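The values are calculated or read from the model by the stated rules, or taken from the named source; none is laboratory data. The model shown is predicted, which means the values in this text are computed figures rather than measured ones. Here the Cβ positions follow ideal geometry from the backbone for every residue, glycine too, while neighbour counts run over all protein chains shown. Side chains are part of the model used for accessible areas, which takes the heavy atoms of the whole protein and leaves out ligands, DNA and RNA. Shrake-Rupley method; radii C 1.70, N 1.55, O 1.52, S 1.80 Å.
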Protein chains: 4
Amino acid sequence: MIVVMKPNATEKQIELVCTQIREMGFQPHPIQGVERTVIGAIGDERGREQLQGLALVEGVEAVIPITKPYKLASRELRKERSVIKVGNLEIGAPQQFVVMAGPCSVESEEQILEAARCVKAAGANILRGGAFKPRTSPYSFQGLEKKGLEMLDTARRKTGLPIVTEVLGAEDLDLIAEHADILQIGARNMQNFQLLKAVGRTRKPVLLKRGMMSTLIELLMSAEYILSQGNPNVILCERGIRTFETQTRNTLDLSAVPVLKQLTHLPVIVDPAHGTGVRSLVPTMSKAAVAAGCDGLMVEVHPHPEHALSDGAQSLNPDEFTKMMQALQPYLALERRSLHSAAAVGA
Amino acid sequence: MIVVMKPNATEKQIELVCTQIREMGFQPHPIQGVERTVIGAIGDERGREQLQGLALVEGVEAVIPITKPYKLASRELRKERSVIKVGNLEIGAPQQFVVMAGPCSVESEEQILEAARCVKAAGANILRGGAFKPRTSPYSFQGLEKKGLEMLDTARRKTGLPIVTEVLGAEDLDLIAEHADILQIGARNMQNFQLLKAVGRTRKPVLLKRGMMSTLIELLMSAEYILSQGNPNVILCERGIRTFETQTRNTLDLSAVPVLKQLTHLPVIVDPAHGTGVRSLVPTMSKAAVAAGCDGLMVEVHPHPEHALSDGAQSLNPDEFTKMMQALQPYLALERRSLHSAAAVGA
Amino acid sequence: MIVVMKPNATEKQIELVCTQIREMGFQPHPIQGVERTVIGAIGDERGREQLQGLALVEGVEAVIPITKPYKLASRELRKERSVIKVGNLEIGAPQQFVVMAGPCSVESEEQILEAARCVKAAGANILRGGAFKPRTSPYSFQGLEKKGLEMLDTARRKTGLPIVTEVLGAEDLDLIAEHADILQIGARNMQNFQLLKAVGRTRKPVLLKRGMMSTLIELLMSAEYILSQGNPNVILCERGIRTFETQTRNTLDLSAVPVLKQLTHLPVIVDPAHGTGVRSLVPTMSKAAVAAGCDGLMVEVHPHPEHALSDGAQSLNPDEFTKMMQALQPYLALERRSLHSAAAVGA
Amino acid sequence: MIVVMKPNATEKQIELVCTQIREMGFQPHPIQGVERTVIGAIGDERGREQLQGLALVEGVEAVIPITKPYKLASRELRKERSVIKVGNLEIGAPQQFVVMAGPCSVESEEQILEAARCVKAAGANILRGGAFKPRTSPYSFQGLEKKGLEMLDTARRKTGLPIVTEVLGAEDLDLIAEHADILQIGARNMQNFQLLKAVGRTRKPVLLKRGMMSTLIELLMSAEYILSQGNPNVILCERGIRTFETQTRNTLDLSAVPVLKQLTHLPVIVDPAHGTGVRSLVPTMSKAAVAAGCDGLMVEVHPHPEHALSDGAQSLNPDEFTKMMQALQPYLALERRSLHSAAAVGA
């Protein structure tokens, strides 16, 4: 249910409604809009009829059911687009665009620094790099873990780029949250509900990747897990789905961008490297993703892809990335978006 | 095998090689390039070693195997892009772009004329409209058949737009070929090999739609059926594949565009209406398709979608289509493409 | 709509109802049951309300709408199972079981005779063999065509086994119908509606294979195309669907058997060779198919699979097939089914 | 690499080889067969050539590479079938069969006791029931957690049935391991590698469900994660994959059973309730699963499915389950398998 407050409702009235919602056994989620405040009342479907009674409370204009299974993520609850702040960047703001670039894995301080400098020079405004790696085989390189995080720290200190890196389990969350600016939930963990709840209890921005087998509604339900724990800072990421086609590793579902834009207020970015698995397709599909209306890109860039410990086949080298970023500019201009350069976070 | 002729090879030498290829039981397919001629020798894999002997023939520079299962469709055989002429349009030419627009079905003369005029006014340069309709149910509207074709004739005469319309079976081919400028093979018939052979025996341009669960290699193999019968005028069309996602009717596989551009010299167009099945997604996905590098679009436009006998939910109305065409212009400009207006064919 | 006649309705009353249905612009499909006759009234959805008026006609008990999009194929219309007679075999009869076995392609008279004799000796009661072959590549072996059909004739004459063979297009239908006892529509042609209509105009039994990309409802709609042309002799065949799994060529969807048994009165058989694409899985999956309740199997058996011109990897050799047939016996016994031996058809 | 010891190799020789493997930086996994011992040497691919040197060590017959990406799970390493002991049950033993039955969720002591008694009476030998529930929506019933585990304890004490229940995250593992006899990893967590490692560090039997869009190789790689941590007690479970078909919730991939039996020595069970999502299909698909050669079934049974808090639509009621178990008996007999009744574990 959404409780829509009158435009002139007082703080006190809003608080009172929140208290009453809580007393009825629901969680209040007040959202302050430009004109008015609306309060989501979230909880068990059963017994939600009693919330209708709030319509009579002072300051309340209407009580409206949210028909979608995702509530806090829905545009029914919130018409304006959510903007997630990372340093001076505003992810999801209509005139901004983010490019998260860097290697699949952090392999050494030298490698991550070289990568960070070159992606920054080319215009990227966030650095990606995995310290904890989800690998299909237990015998593959699993990441440098704590040491990798420290190397990412160094890279941020030296370049000012905020860091996005993956969390594989709740047990590593505190450690990673100390180092990362954005917590990434990988495709294979999209329905790891314990992990979703754990990141939901932080207030860190979360990059939630679509499972390779997950519908867009399931993606939104997973976002809802995070939101319902009180963390509103969720960024969605389309990264390709599994189909029968074999020329590409996955099928990049670009319609996901406009579909999600219709269903949710959360920002949506696209990962064309995992989405296709083929380096030569990344620049073209990045252009197409911009034209599809996404808020940013995540791109794998490695100083020397031929020596990468993981995902070399889909990583751009610095030259390719620089050319791609130049080629994107006029498309970003058509979408009236631009790449702000990141100011050092907490530096 | 490809027989590469020397740059200064004479007509006579080329003819002689063709004769010898024929005598060895293969079909010669000479392709005249800017610098030199290459001759594809196509036939049963067995016994192709003897073709190697042609390397010694005068005027021949080299004999090279084609490694792909599709031969005539491959870029190994032909590096330059194929251009398919339809009236004064050159589909596949790098600076041109085609938009095939119109209703799913021809429903009446009034309807198709109204549709033709409005899509032409908005900039479309080819008229689409089904006279023979493949419908899942035998009890659904199956098209006006011959009468529908005659209405398309009228629409062409009055607007100068060339016509693309679907062929469902070899038995209707002669009739449809009389009326259509481009023969469409629908997704459900992509592996109707008898029909592919039949349209391959004509010289009419063929629009070959990807089956909804066909790989790109299978699409190229189906093109090969047409090419191997002697008809070089094949246009490929991505129109969405079947996946588990339910927010869209199909998943539009835009990576198909750059993948096909790497594998084949044939033009590639995109059908975002069938690809998504949702009207509101068509303009955005059309922009994305342009950015992905396609040679054209096929779009369903109905003067009154709410009364359409088929596919109303994914058809744009004239206003929506006009706005979309305007919005596409700057994206086409970035790709250095423009929409030529069609001159009346045979008029 | 279904018009349910009273148990004691006379022939004349039934005829009268049929005439009235026809006059209202619908096709009557009378189905004589054990207790009573029901008449399907099939046609355009629009205007079907007038059929309700028939409830007042003498001999009519009730007029009931069919809610499914497939009408003649539905169990709403016909509760008893359809039995398709082929010589002395009754496909779909609850105590019978058919095994259609033989090579993918007819390759020579010697080969098809050897195959026919060995599959008969092992207990198969129908001979399969392709004379017209749908091949992904135009350069692959396309079948012996007319000569292949004549070899199948010889095999039937010498073994008494009825023949099932594939029709690729309406243009070959008359020729094939002269030679075949069952017309096979392949997976790639499941939605070749012109071909469905053409075989619907014959009265020959039709084996309709599920498209590798087709839902069960679409399969039933394709059956409806055949039924609605007046041919009630349709046998459905599950042969695997396309998924992301790569250990098998397709994913054999055995749940299709009980689902179809719930939805339709038509017989259902299973093709485990195409369904898995792996020879070593065929015997096990055949057992599982019997346990799932199917009415028969289609199995690829080649006298010398290692020399097969097509599908060798999924064909059993005579020994393997004989062992498999023996292993099936106790499972058939549990299902209270047995394999009748075929008497020479028309011999 | 596998080090194959001579049949007469001594304990001491075996120990020595293990030590040397460890010194080269690999993990030794000795497997004692009937005739001889083989020792898997597992670790980073790089530098495995040095292991070849072991061929010269006394007692060693041969050093053979394992070509599959899964090593410990492969039949290359271990030809005999693994048998997982749970109380007096031997899961995977060729003459035994297990049926894990019970409700989706533990809802109350009364409910789980009623369920336990009726599934035991019908012949089931393991009780399933979820205390921690992975739910798509954060607002759905999430399970009774610790209280649910205690109710499962009571049910075991009163019926003697061992318990299988799901673990959602490493943080709950210790608690659940105290109560459960088999730890279940659900489909959504099949690639939650942290969780796989955590259960791998216990020695509890693990039921690993196939992800709904995971290949069989990926399933084996996930099993490898558990095995490589030292826990050999892994049971695989096919539970349906996601496809385009909508008549069933998932497509039950029964070919997975014989494929897995060829690739791995681990036991394989089937979950027809999740695999189809339709109650009426469960008995038939269970018969088919037995015929496909599985080692057991997991079935949802609820005393009152119409009141179930989750998965009611696919749960059998006690009567249906009893009938199904009776119907399975002759099929089990054909496979020479029988259902041992469980003796109270630790009771």
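Residues being out of contact with any helix residue (DSSP H, G or I) (no Cβ under 8 Å at 6 or more places or on another chain) and assigned to a helix (DSSP H, G or I): count how many of those fall in segment D:137-147.
1
Every residue in segment D:57-77 that is out of contact with any Ser or Thr (no Cβ under 9 Å at 6 or more places or on another chain) and buried (at least 17 other Cβ atoms within 10 Å of the Cβ), please.
D:VAL60, D:VAL63, D:LEU77
So which of B:LEU236, B:LEU161 is under 12 Å from the mean Cα position of the chain (by Cα) and outside any helix (DSSP H, G or I)?
B:LEU236
I'd like the full set of residues that are closer than 25 Å to B:ALA289 by Cα and open to solvent by less than 40 Å² (accessible area, probe 1.4 Å), limited to segment A:302-327. Steps first, answer last, please.
First, pick out the residues of segment A:302-327 that are closer than 25 Å to B:ALA289 by Cα: A:313-316, A:320-327.
Those that are closer than 25 Å to B:ALA289 by Cα and open to solvent by less than 40 Å² (accessible area, probe 1.4 Å): A:GLN314, A:SER315, A:LEU316, A:PHE321, A:MET324, A:MET325.
Quick one: would you say A:GLY59 is at pLDDT 90 or above and more than 14 Å from chain D (Cβ to nearest Cβ)? Before the answer, list the steps.
Details: at pLDDT 90 or above: yes; more than 14 Å from chain D (Cβ to nearest Cβ): yes.
Taking the combined requirement at face value, the residue satisfies it.
Given the conditions (1) free of Cβ contacts under 8 Å to residues at least 12 places away in the same chain; (2) open to solvent by 60 Å² or more (accessible area, probe 1.4 Å); (3) farther than 30 Å from D:ASN317 by Cβ, and given that D:GLU110 satisfies all but one, which numbered condition is not satisfied?
Against the list (1) free of Cβ contacts under 8 Å to residues at least 12 places away in the same chain; (2) open to solvent by 60 Å² or more (accessible area, probe 1.4 Å); (3) farther than 30 Å from D:ASN317 by Cβ, D:GLU110 comes up short only on (3).
Only one residue in B:LEU227, B:LEU219, B:LEU183 is within 13 Å of the chain's Cα centre (by Cα) and modelled with pLDDT under 95, so which one is that? Break it down into steps so the answer makes sense when it comes.
On the way: B:LEU219 fails: modelled with pLDDT under 95; B:LEU183 fails: modelled with pLDDT under 95.
Testing whether each residue is within 13 Å of the chain's Cα centre (by Cα) and modelled with pLDDT under 95 leaves just B:LEU227.
Scan segment A:232-241 for residues that are away from chain B (no Cβ under 14 Å), within 17 Å of A:GLU80 (Cα to Cα) and open to solvent by less than 10 Å² (accessible area, probe 1.4 Å) and report the count.
2
Could you say which residue among A:LYS287, A:LYS323 is of a type outside the set (Phe, Trp, Tyr), more than 10 Å from chain B (Cβ to nearest Cβ) and out of contact with any Asp or Glu (no Cβ under 6 Å at 6 or more places or on another chain)? Steps first, answer last, please.
Numbers: A:LYS287 fails: more than 10 Å from chain B (Cβ to nearest Cβ).
Exactly one of A:LYS287, A:LYS323 is of a type outside the set (Phe, Trp, Tyr), more than 10 Å from chain B (Cβ to nearest Cβ) and out of contact with any Asp or Glu (no Cβ under 6 Å at 6 or more places or on another chain), namely A:LYS323.
Out of (1) touching a strand residue (DSSP E or B) at 6+ places or on another chain (Cβ under 7 Å); (2) in contact (Cβ under 8 Å) with a residue 12 or more places away in the chain, what's the single condition that is false for C:THR243?
Going through (1) touching a strand residue (DSSP E or B) at 6+ places or on another chain (Cβ under 7 Å); (2) in contact (Cβ under 8 Å) with a residue 12 or more places away in the chain one by one, C:THR243 breaks only (2).
Considering only residues that are modelled with pLDDT of 85 or more, part of a loop (DSSP other than H, G, I, E, B) and within 14 Å of chain D (Cβ to nearest Cβ), which ones fall in segment A:11-53?
Residues satisfying the conditions are A:GLY25, A:PHE26.
Quick one: in segment D:173-231, of everything that is in contact (Cβ under 8 Å) with a residue 40 or more places away in the chain and assigned to a loop (DSSP other than H, G, I, E, B), which residue is farthest from the other protein chains (Cβ to nearest Cβ)?
Taking the candidates together, the pick is D:ASP181.
Return only the number of the condition from (1) among the hydrophobic types (A, V, I, L, M, F, W, C); (2) in contact with a Phe, Trp or Tyr (Cβ under 8 Å, 6 or more places away or on another chain); (3) part of a helix (DSSP H, G or I); (4) more than 9 Å from chain A (Cβ to nearest Cβ) that D:PHE244 does not satisfy.
Status for D:PHE244: all satisfied but (3).
Might you check whether a residue that is at pLDDT below 95, open to solvent by less than 10 Å² (accessible area, probe 1.4 Å) and either facing chain D (nearest Cβ under 9 Å) or not in a helix (DSSP H, G or I) (or both) occurs anywhere in segment C:252-275?
Checking segment C:252-275: at least one residue is at pLDDT below 95, open to solvent by less than 10 Å² (accessible area, probe 1.4 Å) and either facing chain D (nearest Cβ under 9 Å) or not in a helix (DSSP H, G or I) (or both).
Check whether at least one residue in segment C:279-290 is hydroxyl-bearing (Ser, Thr, Tyr), open to solvent by less than 40 Å² (accessible area, probe 1.4 Å) and modelled with pLDDT of 95 or more, and report yes or no. First the steps, then the outcome.
Of the residues in segment C:279-290, the ones hydroxyl-bearing (Ser, Thr, Tyr) are C:280, C:284, C:286.
Keeping just the survivors that are open to solvent by less than 40 Å² (accessible area, probe 1.4 Å) gives C:284, C:286.
Checking which are modelled with pLDDT of 95 or more leaves us with C:284, C:286.
Checking segment C:279-290: at least one residue is hydroxyl-bearing (Ser, Thr, Tyr), open to solvent by less than 40 Å² (accessible area, probe 1.4 Å) and modelled with pLDDT of 95 or more.
Which ones in segment D:152-162 are within 15 Å of D:GLN111 (Cα to Cα) and either touching a Gly at 6+ places or on another chain (Cβ under 8 Å) or within 14 Å of chain A (Cβ to nearest Cβ) (or both)?
Once the filter is applied, which keeps residues that are within 15 Å of D:GLN111 (Cα to Cα) and either touching a Gly at 6+ places or on another chain (Cβ under 8 Å) or within 14 Å of chain A (Cβ to nearest Cβ) (or both), segment D:152-162 yields D:LEU152, D:ALA155.
So which of B:ALA101, B:ALA116 is away from every other protein chain (no Cβ under 14 Å), more than 30 Å from C:LEU196 (Cα to Cα) and modelled with pLDDT of 95 or more? It would help to see each step written out before you state the result.
On the way: B:ALA101 fails: more than 30 Å from C:LEU196 (Cα to Cα).
Selected residue: B:ALA116, the only one of B:ALA101, B:ALA116 that is away from every other protein chain (no Cβ under 14 Å), more than 30 Å from C:LEU196 (Cα to Cα) and modelled with pLDDT of 95 or more.
Mind listing whichever residues of segment B:63-98 are outside any loop (DSSP other than H, G, I, E, B) and more than 14 Å from chain C (Cβ to nearest Cβ)? Give the steps one after another, and end with the answer.
So in segment B:63-98, the residues outside any loop (DSSP other than H, G, I, E, B) come out as B:63-64, B:74, B:84-86, B:89-91, B:96, B:98.
Listed by number, the residues that qualify are B:VAL63, B:ILE64, B:ILE84, B:LYS85, B:VAL86, B:LEU89, B:GLU90, B:ILE91, B:GLN96, B:VAL98.
For segment D:118-138, give me each residue that is free of Cβ contacts under 8 Å to residues at least 12 places away in the same chain and either closer than 22 Å to D:VAL98 by Cα or open to solvent by 30 Å² or more (accessible area, probe 1.4 Å) (or both). Break it down into steps so the answer makes sense when it comes.
To start, the set of residues in segment D:118-138 that are free of Cβ contacts under 8 Å to residues at least 12 places away in the same chain comprises D:136-138.
Correct list: D:THR136 only.
Scan segment B:41-57 for residues that are over 31 Å from the mean Cα position of the chain (by Cα) and among the aliphatic types (A, V, I, L, M) and jot them down.
B:LEU51, B:LEU54, B:ALA55, B:LEU56, B:VAL57
Within 22 Å of B:ASN233 (Cβ to Cβ) and over 27 Å from the mean Cα position of the chain (by Cα) - does that describe any residue in segment B:15-22?
So the first thing to find is which residues in segment B:15-22 are within 22 Å of B:ASN233 (Cβ to Cβ), and the list is B:18.
Narrowing further to those that are over 27 Å from the mean Cα position of the chain (by Cα): B:18.
Yes - at least one qualifying residue is present in segment B:15-22.
Only one of (1) open to solvent by 10 Å² or more (accessible area, probe 1.4 Å); (2) without any contact (Cβ under 8 Å) to a residue 60 or more places away in the chain; (3) farther than 24 Å from B:LYS133 by Cβ; (4) within 14 Å of chain A (Cβ to nearest Cβ) fails for B:CYS294. Which number is that?
With (1) open to solvent by 10 Å² or more (accessible area, probe 1.4 Å); (2) without any contact (Cβ under 8 Å) to a residue 60 or more places away in the chain; (3) farther than 24 Å from B:LYS133 by Cβ; (4) within 14 Å of chain A (Cβ to nearest Cβ) applied to B:CYS294, the lone miss is (1).
Might you let me know whether segment A:145-154 holds any residue that is open to solvent by 20 Å² or more (accessible area, probe 1.4 Å) and in contact with a His (Cβ under 8 Å, 6 or more places away or on another chain)? Talk me through it step by step, then tell me what you get.
If we filter segment A:145-154 for residues that are open to solvent by 20 Å² or more (accessible area, probe 1.4 Å), which is where we start, we get A:145-147, A:150-151, A:153.
Applying the additional criterion that residues be in contact with a His (Cβ under 8 Å, 6 or more places away or on another chain) yields A:150, A:153.
Yes, that holds for at least one residue.
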